[in-house]
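A quick write-up on the structure given underneath.
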Amino acid sequence: MLYYLFEYLEKQFQFPGATLFGFITFRAALAMILSLLISTIYGKRIIRFLQRKQLGETIRDLGLKGQAEKAGTPTMGGIIIILATLIPVLLLSKLENIYIILLIITTLWMGVIGFIDDYIKKFKNNKEGLKGRFKVIGQVGLGLIVGLTLYFHKDVVIKEKLPIAEQQQILKANPEATESAFFKPEQKSTKTTIPFVKKNEFDYADLITWIHPNLQKYAWVIFVIIAIFIITAVSNGANLTDGIDGLAAGTSAIIVLTLGIFAWVSGNIIFSDYLNIMYIPRVEEITIYIAAFVGALIGFLWYNTYPAQVFMGDTGSLTIGGIIAVIAIAVRKEWLIPVLCGIFLAENLSVVMQVSWFKYTKKKYGEGRRIFKMSPLHHHYQKLGYHESKISTRFWIIGILLAILSIVTLKIR
């Protein structure tokens with residue numbers, strides 16, 4: 001809203017400083033500062049409100065050290081993250097941008113699913129919360145919305161560079177030609193970024209067009225299925241990672257900040273060309289959302305680091321995972337998720353491995369056996385005697401290393 005106000009002031013009155021709001025970097029910085037202030041200043045008031053409503057966490061006895069002290073800590077703190085993200089976005093972003101619209105829908109959609117889950121746990125005294133199948137239905141529904149929109153919407157396009165021979169011809173005809181003159185017109189495409197291959201590109205349509213070229217028109221089915229899978233997997237991974245103080249918020253901030261770099265570079269014709277990264281027009285606006293989201297996560301960490309004054313609950317963790325997945329798909333970096341979201345992947349796999357091995361050994365030997373002392377993975381280290389603050393910090397460090405590796409992979413072809 002402020003963006004449109006200052007745009008109007010600039011056009012009508014040449015208001016001093018109004019042009020600053022036309023710069024992505026300025027609006028992103030402002031969004032991060034504003035979200036930090038909202039999450040830290042008003043976060044405390046929300047925590048007090050949750051305490052008054054007696055929305056404290058009910059702790060199951062898992063035999064973990066320091067577990068009992070957490071009983072009564074307010075949950076549903078994800079509300080802080082959601083509000084601190086959406087308010088700056090509504091004020092500072094271009095609200096007609098399709099990527100911004102999708103991220104707002106994602107935030108509200110997953111936030112509602114998580115809120116219902118937390119609500120059932122607290123007010124219906126059901127420790128299991130929302131049944132798993134309903135969560136999956138919600139995740140699949142979001143995947144359908146995101147996949148279909150990104151495939152069919154007219155503003156979701158890419159621009160590819162012209163062959164060298166054509167670039168030389170343009171340069172001969174016009175030596176002062178700008179960078180944009182060397183690119184093809186905007187086009188719809190199912191191409192995405194994939195590391196370790198030539199040009200770092202892969203076209204989802206290739207998965208079916210090898211059978212017959214006419215199957216190209218059904219490529220949207222493949223794209224939507226992949227979108228559903230990624231959103232479901234990442235949101236569940238974030239949900240499992242939210243188990244000890246500061247872990248989910250800290251690792252998520254690292255992941256989202258890295259995606260912010262990808263978004264800004266991918267939406268800038270000069271830098272994307274220089275770094276040989278796919279140019280995606282209008283995707284740079286996501287940077288505003290990411291800046292607000294990172295600020296909200298860091299502000300939330302103010303109260304969530306050990307000893308936590310508030311837990312994000314499924315209201316926060318499911319929302320975080322959904323947002324990360326949608327951003328990755330939008331900037332066409334979803335195949336970097338196994339590396340970039342390596343912490344989420346490890347947490348997911350530890351649960352799958354633990355449950356699968358337990359069921360297999362129980363069937364074969366009559367007694368279930370475990371690979372880890374407890375899953376998800378962070379609880380395994382708690383059982384080994386590591387303090388949860390040390391576990392969180394070391395997971396953050398691993399997250400930083402994975403983020404650097406994700407950026408480096410784009411130069412390995």
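Tell me which residues, restricted to segment 349-374, are open to solvent by less than 40 Å² (accessible area, probe 1.4 Å), within 24 Å of Y386 (Cβ to Cβ) and not in a loop (DSSP other than H, G, I, E, B).
Of everything in segment 349-374, those that are open to solvent by less than 40 Å² (accessible area, probe 1.4 Å), within 24 Å of Y386 (Cβ to Cβ) and not in a loop (DSSP other than H, G, I, E, B) turn out to be S350, V351, Q354.
So, in segment 16-32, of the ones that are open to solvent by less than 90 Å² (accessible area, probe 1.4 Å) and at pLDDT below 75, which residue ends up nearest to the chain's Cα centre (by Cα)?
Ranking the qualifying residues of segment 16-32, first place goes to A18.
Going by the conditions given, is I113 outside any loop (DSSP other than H, G, I, E, B), open to solvent by less than 30 Å² (accessible area, probe 1.4 Å), in contact with a Lys or Arg (Cβ under 8 Å, 6 or more places away or on another chain) and under 19 Å from G78 (Cβ atoms)?
Against the criterion (outside any loop (DSSP other than H, G, I, E, B), open to solvent by less than 30 Å² (accessible area, probe 1.4 Å), in contact with a Lys or Arg (Cβ under 8 Å, 6 or more places away or on another chain) and under 19 Å from G78 (Cβ atoms)), I113 qualifies.
Report the residue count in segment 295-329 for those that are closer than 24 Å to E284 by Cα and surrounded by fewer than 24 Cβ atoms within 10 Å (Cβ to Cβ). Even if it seems obvious, please write down each step before you answer.
As a first pass, look at segment 295-329 and keep what is closer than 24 Å to E284 by Cα: 295-299, 319-329.
Going one step further and asking which of them are surrounded by fewer than 24 Cβ atoms within 10 Å (Cβ to Cβ), we end up with 298, 329.
Residues in segment 295-329 being closer than 24 Å to E284 by Cα and surrounded by fewer than 24 Cβ atoms within 10 Å (Cβ to Cβ): 2 in total.
For the condition open to solvent by 20 Å² or more (accessible area, probe 1.4 Å), in a helix (DSSP H, G or I), at pLDDT 95 or above and of a type outside the set (F, W, Y), what is the one hit in L102, L83, L91?
Among L102, L83, L91, only L83 is open to solvent by 20 Å² or more (accessible area, probe 1.4 Å), in a helix (DSSP H, G or I), at pLDDT 95 or above and of a type outside the set (F, W, Y).
Residue check, I158 against (1) modelled with pLDDT under 90; (2) closer than 21 Å to V326 by Cα, all met but one. Which one?
Every listed condition holds for I158 apart from (1).
Looking at (1) within 22 Å of A233 (Cβ to Cβ); (2) touching a residue at least 24 places away in the same chain (Cβ under 8 Å), which one does W357 not meet, given that it meets all the others?
Only one criterion in (1) within 22 Å of A233 (Cβ to Cβ); (2) touching a residue at least 24 places away in the same chain (Cβ under 8 Å) is unmet by W357, namely (2).
Please enumerate the residues belonging to segment 303-349 that are more than 30 Å from K373 (Cα to Cα) and of a type outside the set (D, E).
Hits for segment 303-349 are I323, V326, I327, A328, I329, A330, V331, R332, K333, W335.
Are any of the residues in segment 188-205 open to solvent by less than 80 Å² (accessible area, probe 1.4 Å), touching a helix residue (DSSP H, G or I) at 6+ places or on another chain (Cβ under 6 Å) and free of Cβ contacts under 8 Å to residues at least 24 places away in the same chain? Write out each step before concluding.
Narrowing segment 188-205 to residues open to solvent by less than 80 Å² (accessible area, probe 1.4 Å): 189-195, 197, 200-205.
Next, only the ones that are touching a helix residue (DSSP H, G or I) at 6+ places or on another chain (Cβ under 6 Å) stay: 190, 193-195, 204-205.
Subsequent filtering for residues that are free of Cβ contacts under 8 Å to residues at least 24 places away in the same chain retains 204-205.
Yes, there is a match, as at least one residue in segment 188-205 is open to solvent by less than 80 Å² (accessible area, probe 1.4 Å), touching a helix residue (DSSP H, G or I) at 6+ places or on another chain (Cβ under 6 Å) and free of Cβ contacts under 8 Å to residues at least 24 places away in the same chain.
Among the residues that make up segment 211-223, is at least one of them at pLDDT 90 or above and among the β-branched types (V, I, T)?
There is at least one residue in segment 211-223 that is at pLDDT 90 or above and among the β-branched types (V, I, T).
Give the residues of segment 310-337 that are more than 13 Å from the chain's Cα centre (by Cα) and not in a loop (DSSP other than H, G, I, E, B), sorted by residue number.
Correct list: G313, D314, T315, W335.
Can you spot a residue in segment 384-401 that is crowded, with 21+ Cβ neighbours inside 10 Å, touching a residue at least 12 places away in the same chain (Cβ under 8 Å), among the small types (G, A, S) and touching a Gly at 6+ places or on another chain (Cβ under 9 Å)?
Looking for residues that are crowded, with 21+ Cβ neighbours inside 10 Å, touching a residue at least 12 places away in the same chain (Cβ under 8 Å), among the small types (G, A, S) and touching a Gly at 6+ places or on another chain (Cβ under 9 Å), one finds at least one in segment 384-401, hence yes.
Sort out which residues of segment 174-187 are open to solvent by less than 50 Å² (accessible area, probe 1.4 Å) and part of a loop (DSSP other than H, G, I, E, B), and write them in order of number.
Just the residues of segment 174-187 that are open to solvent by less than 50 Å² (accessible area, probe 1.4 Å), to begin with: 177, 181-183.
Listed by number, the list holds a single entry, A177.
Identify the single condition in (1) open to solvent by 20 Å² or more (accessible area, probe 1.4 Å); (2) under 27 Å from N236 (Cα atoms); (3) without any contact (Cβ under 8 Å) to a residue 24 or more places away in the chain that V136 does not satisfy, given that it satisfies every other one.
(3)
Of the conditions (1) hydrophobic (A, V, I, L, M, F, W, C); (2) open to solvent by less than 60 Å² (accessible area, probe 1.4 Å); (3) in contact with a helix residue (DSSP H, G or I) (Cβ under 8 Å, 6 or more places away or on another chain), L148 satisfies every one except a single condition; which number is it?
So L148 meets the others, but not (2).
Would you pick out the residues in segment 228-249 that are within 13 Å of the chain's Cα centre (by Cα) and crowded, with 20+ Cβ neighbours inside 10 Å?
If the condition is that a residue be within 13 Å of the chain's Cα centre (by Cα) and crowded, with 20+ Cβ neighbours inside 10 Å, then I230, I231, T232, V234, S235, N236, G237, A238, N239, A248, A249 are the ones that fit.
Please list, ordered by first then second residue, the pairs with beta carbon atoms under 6 Å, 6 or more apart or interchain, first in segment 108-132 and more than 17 Å from I80 (Cα to Cα) and at pLDDT below 80, second of a type in the set (K, R) and in a helix (DSSP H, G or I).
G129/K121
Tally the residues that are assigned to a loop (DSSP other than H, G, I, E, B) and free of Cβ contacts under 8 Å to residues at least 40 places away in the same chain, restricting the search to segment 141-158.
Total meeting the criteria: 1.
Look through segment 151-173, keep the residues that are hydrophobic (A, V, I, L, M, F, W, C) and more than 30 Å from I100 (Cα to Cα), and return whichever of them is surrounded by the fewest Cβ atoms within 10 Å (Cβ to Cβ).
A165
How about segment 259-290: which of its residues are farther than 20 Å from M32 by Cα, in a helix (DSSP H, G or I) and open to solvent by 40 Å² or more (accessible area, probe 1.4 Å)?
I270, F271, D273, Y274
The values are calculated or read from the model by the stated rules, or taken from the named source; none is laboratory data. Note that the structure is a prediction, hence the values are computed from the model and not measured. No Cβ is skipped: glycine too gets one built from the backbone with ideal geometry, and neighbour counts run over all protein chains shown. Surface accessibility is based on the protein's heavy atoms, side chains included, excluding ligands, DNA and RNA. Shrake-Rupley method; radii C 1.70, N 1.55, O 1.52, S 1.80 Å.
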